[in-house]
Every structure is written in C-alpha cells, then in structure tokens.
Amino acid sequence: MTDILISAKGLSAGYGAPVVTDVDFTVKGGEILVFIGPNGGGKSTLLRTLAGELKKLGGKVALCGADGDRLSPRERAKKLSVLLTDRPRTDRMTCREVAETGRYPYTGCFGLLSPEDKKAVDEAMELVGAAGLADRDFSAVSDGQRQRVMLARAICQEPEIMLLDEPTSYLDIHHKLIFLEVLQRLAAEKGVAVILSMHELELAAKIAGQILCIKNGRVFRAGTPGEVFTEPVLRELFDLPESLYRRYINV
C-alpha cells in the first residue's frame, strides 16, 4: 500500500488551551506509527483529537484524502476505529454484544446485524482469542479480557485506520504479543494504517515502522526505531541519568 490514509499538519490539540502543538506526520496504508514519551506529554490528547473526540485547536487532519472536519460521524466511523482507555457503559451486555457495536456504522436505523455483520464479529473475536468470552457479561470479565473484546470491536468495524491508546496496558505478556501480532497482520494483509501509543519500548521497537516522540507538548524526535531508540535520544526524552539507562534500558 502506498496511499496516505491519515496525516496531520501543524496540528494543535488540547482542552481549550493547547496540550500539544505543531504536530506533523503521515501514515500510509500498511504502516504502523507509535507515539512514545513521558506521561502528560500529550499523546492521549493527540489521539483523541485525531479520533474526533476533541476539536482540534489548529492545523489540519486528513483521513483517507478527505478533510477530517468535513466527515459525518458515520463516514468517520467507516474509515476509522478507535480503542482508547475509556470503557463503554454496558448494562448487562455480553462480550459479543459489545463487539457487535463495531458493526453499527454499517447497519440500518434499528441496528440489526446481517449474516455478513455476524461473520465479521465472529472472525474478529476468534482473531483476538476472545471467542470463548462471547456469552460472558462484559462487566464481569478481567481488564485484559475486556481489552481483547474491545480490539475485536475495533477490528470488525473493518476500518482503514486504527487509533489505539496504550492498548497493551492491561494484558499479560502472552496476550501483548498476540495483540501486536494481530495489528501487524492487519497492517500487512489488510493495508490498515495503525497509530498507537505505547510505554513498552522494547515492543514498540519491534512493531513500529515510524516512531513519534512527544515531550512537553511538542514533537521531540521522529524517525525509524533505529533512529530513535538510541541512548542519547531516550535519555533526553525520559530524563534518564546514565546509570539508570545502562542498568535497565535495552531496546
């Protein structure tokens, strides 16, 4: 895939006042961009703005060649799926019913799923290892299990772009690796453009094609994992003294 599916130019985001400013990037189909940086730097705010949950404070966002501001919610939902840290309100919904909400952009006004919709849900649940959770109460399963169901919801939406905020936070190492393998397959086989934030630097180094470092509301550095994951960059990005870096960091 070579087409640019999501881009930002001079993007500023925040809650009334800017939290992160002057962000530029492009992501083509099949590429994975990872945001890294200290807590509070603006990664989540940036993702929420790209998702349309926050109104941007400046700059431009393009989705699949269209001005993001001109897309209706339904049009946006057909192009882009989102997995943020928030959890949906579920009143006695099963895990399968939560996953099925990913098909709502394609259903009619009554939200009835077609056989094709149900097949997409089944395949997504199976792909993330959540098929066995289908009939369980979503509010009664573990955080890690909920995260897998939410990923299934995002996948069955069949987006061209996926935005994920710290998606591996609640997962054990086994499911972290499965989760990241699924994202890589979606990018490689389906041509999905993936943007996610991560704290696990060693995993980010293995999954990312491009890294965007965000610190104090600015892009601190951008490049390939080989360009970014160096001692000088990481020590300055995270304010690490040499002794701590040498003892604990190995990317």
Beyond 27 Å, what percent of the Cα pairs of the chain remain?
37 percent
For the range 157-171, just list the computed ³J(HN,Hα) in residue order, Karplus coefficients 6.51, -1.76 and 1.60, θ = phi - 60°, integers in Hz, with x standing in for Gly and Pro.
5, 6, x, 8, 9, 10, 10, 9, 9, 6, x, 9, 4, 9, 9
Residue exposure sequence - ARG103, ARG89 - by fewest surrounding Cβ within 10 Å:
ARG89, ARG103
Do any of LYS28/LYS118; LYS176/LYS215; LYS9/LYS190; LYS9/LYS79; LYS55/LYS79; LYS56/LYS206 go past 22 Å between their Cα atoms, and which?
LYS28/LYS118; LYS176/LYS215; LYS9/LYS190; LYS56/LYS206
If you line up the long axis of helix 143-156 against the longest principal axis of the chain, both from Cα atoms, how many degrees apart are they, to the nearest 10?
70 degrees
Charge tally in the Cβ shell below 9 Å around GLY42, where Lys, Arg are +1 and Asp, Glu are -1, GLY42 excluded:
+3
Please order ARG48, ARG148, ARG136 by the number of other Cβ within 10 Å, starting at the fewest.
ARG136, ARG48, ARG148
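With both bridge residues required to lie in the chain, what share of the DSSP beta bridges run antiparallel, to the nearest 5%? Could you put the intermediate results ahead of the total?
Details: 21 of 38 bridges.
Of those bridges, close to 55 percent are antiparallel.
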GNM top mover of THR101, THR168, THR90 - the chain, alpha-carbon springs below 10 Å
THR90
Dipole axis of the chain (+1 Lys, Arg; -1 Asp, Glu on Cβ), positive-most option in ALA134, GLY58, ILE155
GLY58
Mind checking the angle between helix 173-190 and the chain's longest principal axis? C-alpha axes, 0 to 90 degrees, to the nearest 10.
80 degrees
Counting only residues 5 or more places away or on other chains, whose amide H sits under 5 Å from the amide H of PHE35 once H atoms are built in the peptide plane?
LEU196, SER197, MET198, LEU212
Could you work out the relative contact order of the chain? I mean the mean sequence separation of Cα pairs under 8 Å and 6+ apart, divided by the number of residues, in percent.
27 percent
What FRET efficiency comes out for ALA66 versus ARG247 if R0 is 41 angstrom and r is the Cβ-Cβ distance? Round to the nearest 0.05.
0.30
Note down, for the range 24-70, the three equivalent ellipsoid semi-axes (square root of 5 times each alpha carbon gyration tensor eigenvalue), biggest first, whole angstrom.
19, 16, 8
Largest-first principal axis extents, alpha carbons of the range 168-242, Å:
37, 26, 22
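Laboratory data are not the source of any read-out in this text; all were calculated from the coordinates shown. Being a predicted model, the structure only gives us computed values, none of them experimental. Note that we place each Cβ from the backbone using ideal geometry, even for glycine, and neighbour counts take in every protein chain shown.
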